[in-house]
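S.K.: Quick one: structure below, then a few questions.
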Amino acid sequence: MTDPSINLSERRTFLGILLGGVGLVISAAAAWPVWRFLAPSSGEGNLAKVSIQRAEVPLEQAHFFSFHGKPAVVLQAAPGKFAAFSAVCTHLGCVIKWVPEEQEFLCPCHAGRFSVEGKVLGGPPPEPLEELPVALDGDQVLVG
Amino acid sequence: MAMSPERGFIGVPAYEAVPDFCGRCHIGVKEDYLLSAHGQAIAEGGANCVTCHGNHVVVKAGPEIINPEDCSQCHGYGQAGEIKAAIVKTDEMLASLAENLGFMGKKGIAVKSMESETFALRNDFRRLFHSVNVEKISNETADFQQRGMAIQQKIDAVQTELDQRKLIGGVVTGLLVLASLICFLIRKTYQQEEDGSS
Amino acid sequence: MLERLYHFLEVRLGIRDILEQNLTKYLLPNNVNIWYTLGAVLITLFVTQFITGILLLVYYVPNPAEAFQSVERIMNEVPYGWLIRYLHAVGSNVIVIALLLHMLSVLFMGSYKKPRELTWVSGFILLNLSFALCLTGYLLPWSQLSFWATTVATDAAGAVPVIGDALVRFLRGGAMVGDATLGRFFALHVMVLPAMLAGLVGFHLFCVRRIGISRPPFGEDYRPAEVKGYFHHEEHPGGIPFFPNYAIKDMAVIFFFLAGLVYLVFFAPGLFIPPSAFEPADPFTTPEHIKPEWYFLWAYQTLKIFPSEFLGLAVQGLVMTGLALLPFIDRGSERRPGRRPLFIACYILGILLFVGISVWGHYS
Ligand code: HEM
Ligand code: FES
């Protein structure tokens with residue numbers, strides 16, 4: 001009690017550190033929910049199969065659908081022979097189109113071409129389309 | 001006046017026609033009822049809908065309408081009592097499920113799918129005991145119990161989460177109060193300084 | 001690195017001087033009291049409201065067909081969506097409480113008086129903007145509560161003579177509350193009103209800072225400040241520095257209010273969000289006991305007390321105009337409550353009347 005000012009400033013420093021600590025915890029408690037609120041839901045990557053009515057994929061036609069949040073395509077190239085691919089072009093990410101006259105995929109962005117097996121036929125794409133596993137179940141086509 | 005045919009009053013259905021009348025809406029229950037001992041015996045005066053449920057003062061039916069007085073008007077209470085014993089617990093459980101869900105819905109929890117699941121389950125259960133077949137009822141009640149439990153588990157999971165939220169909320173509230181107190185204490189150190197200097 | 005950045009800015013903007021002038025060398029009256037923290041509390045709460053509002057906007061869909069569902073998704077599926085929504089909805093109520101306290105303290109201490117009329121008027125407009133924000137925000141979830149509360153609230157405008165019907169149509173964008181109403185309320189709630197509010201808060205703070213904070217009219221040595229015929233910034237030599245001495249008190253009360261907000265969010269959100277808020281709007285079924293929010297109950301009830309709605313509306317308009325222009329009506333320079341018995345009597349009577357009519361409205 002000889003010099004109250006020293007006493008005061010010591011107390012203040014101590015309280016200040018304490019406040020900083022509590023403030024840090026509170027900030028974290030506020031930031032975490034906001035992060036989770038905005039973070040894309042992690043449940044998206046579930047491994048569930050996507051089923052499609054077989055009738056929706058006629059012979060020599062392609063059917064576009066959403067596979068785990070990304071565009072995909074399933075096609076019946078020969079009777080009863082189904083194949084599915086990611087519909088995202090491996091060049092710069094445009095979505096490919098099916099050209100029935102040519103029986104091949106065309107990327108409208110830079111004219112990349114892919115075969116019914118997903119192989120590159122021409123244009124800038126560096127890699128074949130990503131293939132997705134397909135199974136038949138009665139009148140359903142299961143992808144994934 | 002109100003009972004004139006022009007105004008749509010179709011008169012009292014004949015005793016045997018009552019199940020058809022009620023069954024226009026209670027389709028499932030009617031089906032099981034008609035196959036039951038009650039329904040099969042309707043021509044000989046077997047109980048119809050109104051016998052147990054009453055006519056105009058239809059009350060929300062509960063297990064209490066199975067009781068010695070009413071049942072023994074026609075037959076011994078033995079079997080009826082067994083049926084009652086078999087369904088009471090499940091019926092109560094389904095009722096409390098519906099109640100819990102209603103309660104949660106009022107707090108903003110999305111309960112619609114669980115509610116329709118419970119509704120369908122209760123409906124099926126009512127069909128079951130309208131068969132008044134003791135053996136069938138005791139065999140299948142367990143299944144209903146289980147399906148009810150599954151819904152109850154979902155409810156419990158939600159409740160656990162709600163409780164957890166409260167816990168965390170309590171901690172955060174506490175931290176904020178603490179921060180406030182610390183600030184007041186720091187303020188006090190300045191206050192003392194100010195008072196000292198003036 | 002940081003030091004060089006600081007130096008760069010210092011040379012060009014003179015930030016040290018700005019900081020000093022507004023923080024350490026900004027002196028507040030030495031008898032400044034806790035009520036002066038409410039302005040800072042309000043700023044914090046509004047910032048919170050802006051943040052949670054923008055977050056809600058990420059998932060909310062302003063379309064009658066999907067609005068309710070999108071809010072239900074926020075409440076049930078989006079991680080911590082319930083927290084963000086409750087913070088926003090309960091926060092609006094806490095803001096109203098803080099606004100009323102701020103206004104009442106300013107009234108009690110007579111700090112609205114010359115030369116602070118502009119501070120008061122801008123503050124009063126801010127109060128009304130806040131009410132407008134509450135009203136428009138209430139409709140957005142498109143629940144039974146939203147729909148019917150908005151129907152009742154917009155219907156009241158019909159009591160205005162001559163243009164009443166047209167006014168109601170204009171507010172709703174049609175004869176009834178519907179798609180068009182949601183569209184315009186949404187635009188108001190997320191864009192127009194917040195922008196106006198932000199601008200006006202800026203002006204309010206500018207006024208406060210420019211003319212200088214008032215000295216609380218308490219204590220032995222208080223004398224009414226002399227009001228001159230020219231601009232004069234009220235100084236408080238020998239006062240206490242805003243930073244850190246008073247800022248820490250601001251912080252203390254801010255944390256206190258945040259604690260209250262979080263407490264309500266976790267333990268009593270139902271106080272402000274009744275069950276009918278969780279039923280989708282149904283334009284063909286009016287729910288029973290539709291009541292406006294607590295801070296609108298006084299207006300709701302006055303409309304019912306008077307024999308005609310027009311009379312009720314007129315009285316409300318009169319009271320609000322009177323309050324808005326108060327510093328031009330109450331022109332004496334005396335600010336000490338003890339020497340303003342008439343004003344303080346009206347003040348207490350006014351509060352009692354507000355509470356009484358609200359309670360009446362709640363139970364009627
Ligand atoms: C958006 C809402 C508002 C904000 C953010 C706000 C903010 C502030 C701040 C930071 C101050 C200075 C510190 C203080 O005295 O608390 C202040 C002062 C003041 N406010 Fe507000 N205010 C708001 C609404 C209002 C309302 C509704 C009124 C009255 C109708 C009002 C009237 C005043 C007056 C007269 C002062 C001057 C006090 C003095 O110099 O002693 N304000 N406000
Ligand atoms: S993105 Fe497909 S060819 Fe360029």
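The values are calculated or read from the model by the stated rules, or taken from the named source; none is laboratory data. Computed from a predicted structure; not experimentally measured. Here Cβ is always computed from backbone atoms with ideal geometry, including for glycine, and neighbour counts include all displayed protein chains. The accessibility values were calculated without ligands, DNA or RNA, using every heavy atom of the protein model including side chains. Shrake-Rupley method; radii C 1.70, N 1.55, O 1.52, S 1.80 Å.
S.K.: Ordering B:Cys183, B:Cys49 by how much accessible area each has at a 1.4 Å probe, largest first, what is the list? Write out the running numbers ahead of the final one.
M.R.: Working: B:Cys183 0, B:Cys49 35 Å².
Greatest to least solvent exposure: B:Cys49, B:Cys183.
S.K.: Same structure again: Please work out the average accessible area per residue across region A:50-144, using the 1.4 Å probe convention, and give it in Å². Each step should come with its number before you reach the end.
M.R.: Values: 4900 Å² over 95 residues.
On a per-residue basis, 52 Å².
S.K.: Shifting gears a bit: Computed from the mean reciprocal separation of all distinct C-alpha pairs, what Kirkwood hydrodynamic radius does the protein assembly as shown have, in Å?
M.R.: When all Cα pairs of the protein assembly as shown are included, the Kirkwood radius is 32.6 Å.
S.K.: Okay, helix-only estimate at 222 nm for chain C: each DSSP H run of n ≥ 4 adds -39500 (n - 2.57), divide by all residues, round to 500 deg cm²/dmol; what do you get?
M.R.: Working: 15 runs with 226 residues, N = 364.
It lands at -20500 deg cm²/dmol.
S.K.: How far is helix B:134-197 tilted off the main Cα axis of chain B, in degrees rounded to 10, range 0 to 90?
M.R.: 20 degrees
S.K.: Also, quick follow-up: Can you tell me the convex hull volume per residue for region B:64-163, based on C-alpha atoms, in Å³ to the nearest whole number?
M.R.: Working: hull volume 9.5 nm³, N = 100.
Taking only Cα atoms, region B:64-163 has a hull volume of 95 Å³ per residue.
S.K.: Suppose every K and R has +1 on its Cβ and every D and E has -1 on its Cβ; what is the size of the dipole of region B:122-190 about the Cα centre, in Debye to the nearest 20?
M.R.: 440 debye
S.K.: Can you pull out the GluC sites (Glu not before Pro) in region A:52-115 whose DSSP state is coil and whose Cβ has at most 12 other Cβ atoms within 10 Å? If you can, show how the numbers build up before the last one.
M.R.: Values: sites: A:Glu56, A:Glu60, A:Glu101, A:Glu102, A:Glu104; in loops: A:Glu60, A:Glu101, A:Glu102.
Within region A:52-115, the qualifying GluC sites (Glu not before Pro) (loop, at most 12 other Cβ atoms within 10 Å) are A:Glu101, A:Glu102.
S.K.: Could you work out how far helix A:4-38 tilts from the main Cα principal axis of chain A, as a 0 to 90 degree angle to the nearest 10?
M.R.: 10 degrees
S.K.: Based on Cβ point charges of +1 for Lys and Arg and -1 for Asp and Glu, what charge dipole magnitude is obtained for the protein assembly as shown about its Cα centre, in debye rounded to the nearest 20? Spell out each step's value before the answer.
M.R.: Values: 54 positive and 63 negative charges, 597 e Å.
Charge dipole of the protein assembly as shown: 2860 debye, to the nearest 20.
S.K.: Next up: Can you find, among B:Pro19, A:Ile17, C:Gln49, the residue sitting farthest towards the positive end of the charge dipole of the protein assembly as shown, where Lys and Arg contribute +1 and Asp and Glu -1 at Cβ?
M.R.: Selected residue: A:Ile17.
S.K.: In square angstrom and rounded to 100, what buried accessible area do you get between chains C and B, total over both, with the probe at 1.4 Å?
M.R.: 2100 Å²
S.K.: Same structure, new question: Leaving out ligands, DNA and RNA, what percent of the accessible area of the protein assembly as shown is carbon and sulfur, probe 1.4 Å?
M.R.: Working: 25480 of 39350 Å².
That fraction is 65 percent.
S.K.: Continuing with this model, one more query. Can you give the accessible area buried between chains A and B, summed over both chains, with a 1.4 Å probe, in Å² to the nearest 100? Write down the numbers at each step before the final one.
M.R.: On the way: alone 9490 and 13720 Å², together 22100 Å².
Approximately 1100 Å², summed over both chains.
S.K.: Compute from the Cα atoms of chain B the Rg and the Dmax, the latter being the longest Cα-Cα distance, and quote both in angstrom.
M.R.: Over chain B's Cα set, Rg and Dmax evaluate to 28.9, 106 Å.
S.K.: Among the lysines, select those whose C-alpha is under 30 Å from the C-alpha of A:Lys97, and discard any that sit fewer than 8 residues away in the same chain.
M.R.: A:Lys49, A:Lys70, A:Lys81, A:Lys119
S.K.: Now, a different point. Of C:Val61, B:Leu175, B:Ala150, whose Cα points farthest to the positive end of the dipole of the protein assembly as shown (charges on the beta-carbon: +1 Lys, Arg; -1 Asp, Glu; origin at the Cα centre)?
M.R.: B:Leu175
S.K.: What's the Cα-based Rg to Rh of region C:167-222, Rh via Kirkwood?
M.R.: Numbers: Rg = 20.3 Å, Rh = 14.7 Å.
Looking at region C:167-222, the ratio lands at 1.38.
S.K.: For chain C, just list the percent of Cα-Cα distances falling in each 10 Å bin from zero outward, please.
M.R.: 5, 20, 29, 24, 15, 6, 1, 0
S.K.: Separate question: Testing the spin-label approximation: label points 7 Å from Cα along Cα→Cβ at A:Gln103 and B:Cys25. State their distance in nm.
M.R.: So the label points at A:Gln103 and B:Cys25 sit 6.2 nm apart.
S.K.: Additional query: Compute the Cα gyration tensor for region C:229-364, then decide on rounded, prolate or oblate, letting a ≥ b ≥ c be the square roots of its eigenvalues: rounded whenever a/c is under 1.5, prolate when a/b is larger than b/c in the other cases, and oblate in all that remain.
M.R.: Oblate is the answer for region C:229-364, as a/c is 1.5 or above yet b/c matches or exceeds a/b.
S.K.: Right, another one. Which listed residue (B:Asn133, B:Gly76, B:Phe119) has the Cα farthest towards the positive end of the charge dipole for chain B, taking +1 on Lys and Arg C-beta and -1 on Asp and Glu C-beta about the Cα centre?
M.R.: Ranked along the dipole, the leading option is B:Phe119.
S.K.: In debye to the nearest 20, how big a dipole does region A:46-143 give about its Cα centre with +1 on each Lys and Arg Cβ and -1 on each Asp and Glu Cβ? Intermediate results must be reported in sequence, preceding the final value.
M.R.: Values: 7 positive and 11 negative charges, 37 e Å.
The calculation lands at about 180 debye.
S.K.: Would you mind working out the accessible area per residue for chain C, using a 1.4 Å probe, and quoting it in Å²?
M.R.: Working: 18730 Å² over 364 residues.
Result: 51 Å² of accessible area for each residue.
S.K.: B:Ile65 versus C:Val58, label points 7 Å from Cα toward the beta carbon: distance in nm?
M.R.: Result for the modelled spin labels: 5.3 nm.
S.K.: How far is it, in nm, from the label point at C:Phe170 to the one at C:Glu288 when both lie 7 Å from their Cα along the line to the Cβ?
M.R.: Placing both labels 7 Å beyond Cα along the Cβ direction yields 3.8 nm.
S.K.: Sticking with this one: Which whole DSSP H helices in chain C pass both tests: a Cα extent of 24 Å or more along the axis and a mean Kyte-Doolittle value no lower than 1.6?
M.R.: TM-like helix candidates: C:38-59, C:81-108, C:247-267, C:341-363.
S.K.: For region A:46-143, just list the percent of Cα-Cα distances falling in each 5 Å bin from zero outward, please.
M.R.: Per 5 Å bin, starting at zero, the Cα-Cα P(r) for region A:46-143 comes out as 3, 15, 27, 24, 18, 10, 4, 0 percent.
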